[in-house]
1. Of the residues Arg136, Arg158, Arg186, Arg179, only one is over 20 Å from Leu59 (Cα atoms), basic (Lys, Arg) and in a helix (DSSP H, G or I); which?
2. Quick check on my filter: what residues within segment 165-192 are in contact with a His (Cβ under 8 Å, 6 or more places away or on another chain) and over 15 Å from Leu81 (Cα atoms)?
3. Test Ala109 against the stated conditions and say whether it is open to solvent by 10 Å² or more (accessible area, probe 1.4 Å), in a helix (DSSP H, G or I) and within 27 Å of Pro37 (Cβ to Cβ).
4. Which residues, counting only those in segment 97-112, are of a type in the set (A, V, I, L, M, F, W, C) and free of Cβ contacts under 8 Å to residues at least 60 places away in the same chain?
5. Would it be correct to say that Pro138 is farther than 22 Å from Leu71 by Cβ and touching a Pro at 6+ places or on another chain (Cβ under 8 Å)?
6. Kindly check whether there is at least one residue in segment 89-98 that is buried (at least 17 other Cβ atoms within 10 Å of the Cβ) and basic (Lys, Arg).
7. Determine the pairs where a residue that is in a helix (DSSP H, G or I), located within segment 113-130, has a partner that is surrounded by fewer than 14 Cβ atoms within 10 Å (Cβ to Cβ) with Cβ atoms under 9 Å apart, the partner being 6 or more residues away or on another chain.
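The values are calculated or read from the model by the stated rules, or taken from the named source; none is laboratory data. The structure displayed is predicted, hence computed values, not measured ones. Methodologically, a virtual Cβ is constructed for each residue, glycine included, from the backbone with ideal geometry; neighbour enumeration extends over all protein chains shown. Please note that ligands, DNA and RNA were not included when accessible areas were found on the heavy atoms of the full protein model with its side chains. Shrake-Rupley method; radii C 1.70, N 1.55, O 1.52, S 1.80 Å.
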Amino acid sequence: MNPSPTTATAARPDAAPHTEPGPQAGAAPRPAVLRAPARPSAAAALHSVSAATTVLLALVAIGAAIHEPVLIPPLAASAALVHSAPTLPLAQPRGVVVGHLIGAAAGYAVLAAAGSSGWAAAVAAGLTLALLTLARTPHSPAVATAVVTVLQTPAPARFVPLLFGSTVLLVLTGYAGSRIRRAAPRYPAYWW
């Protein structure tokens with residue numbers, strides 16, 4: 001008797017998703033039903049939330065010291081990915097740093113061509129997604145950076161260096177945080 005797809009996956013959470021043959025001989029296999037990830041331990045959850053909150057507070061402190069808003073919503077999303085899902089491709093340094101820079105570049109390009117509007121922000125988001133895909137640099141918060149760039153029109157000479165520094169700080173805190181707690185997955189899974 002074959003185990004059901006959910007039983008096979010539940011019994012071995014690290015196993016690859018089980019597939020079943022289609023209803024007809026030779027038909028393409030159907031993917032098994034996937035389930036939500038296991039709930040992290042209290043220590044792991046506290047560690048990730050504390051690390052993400054600490055780096056976000058550091059960005060606020062830096063912004064207060066230099067009188068510039070450094071914490072933008074896409075960076076909060078990036079911190080959540082880096083500290084709560086450090087093994088995902090979306091959380092890797094290449095996506096975090098280069099992705100946000102691509103998002104800012106696309107945002108400024110659309111801003112120059114079409115001005116600041118919701119329509120232009122939507123186009124900048126789509127352009128960013130296309131560029132991230134072509135660059136093999138997945139990072140969904142970077143799409144939001146393009147939207148912020150178009151709608152908020154920050155001065156590039158101030159915004160881009162702050163964005164770059166903030167993303168590097170996120171990556172470095174992810175690296176350090178994954179070494180503080182022994183049971184934590186190592187970050188990054190890959191640098192480039």
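1. On the way: Arg136 fails: in a helix (DSSP H, G or I); Arg158 fails: over 20 Å from Leu59 (Cα atoms); Arg186 fails: in a helix (DSSP H, G or I).
The unique qualifying residue is Arg179.
2. Ile180, Arg181
3. Numbers: open to solvent by 10 Å² or more (accessible area, probe 1.4 Å): yes; in a helix (DSSP H, G or I): yes; within 27 Å of Pro37 (Cβ to Cβ): no.
The answer is no for Ala109.
4. Here is the first cut: in segment 97-112, the residues of a type in the set (A, V, I, L, M, F, W, C) are 97-98, 101-102, 104-106, 109-112.
Listed by number, the residues that qualify are Val98, Ile102, Ala104, Ala105, Ala106, Ala109, Val110, Leu111, Ala112.
5. Details: farther than 22 Å from Leu71 by Cβ: yes; touching a Pro at 6+ places or on another chain (Cβ under 8 Å): yes.
Criteria met by Pro138.
6. At the first step, the residues of segment 89-98 found to be buried (at least 17 other Cβ atoms within 10 Å of the Cβ) are 90-98.
Checking the rest, the ones that are also basic (Lys, Arg) come to 94.
Yes.
7. Ala120/Ala113; Val123/Ala113
Table: residues versus (1) open to solvent by less than 50 Å² (accessible area, probe 1.4 Å); (2) under 16 Å from Ala109 (Cβ atoms); (3) at pLDDT below 95; (4) touching a helix residue (DSSP H, G or I) at 6+ places or on another chain (Cβ under 9 Å).
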| site | (1), (2), (3), (4) |
| --- | --- |
| Ala146 | yes, yes, no, yes |
| Phe164 | no, no, no, yes |
| Thr167 | yes, no, no, yes |
| Arg179 | no, no, yes, no |
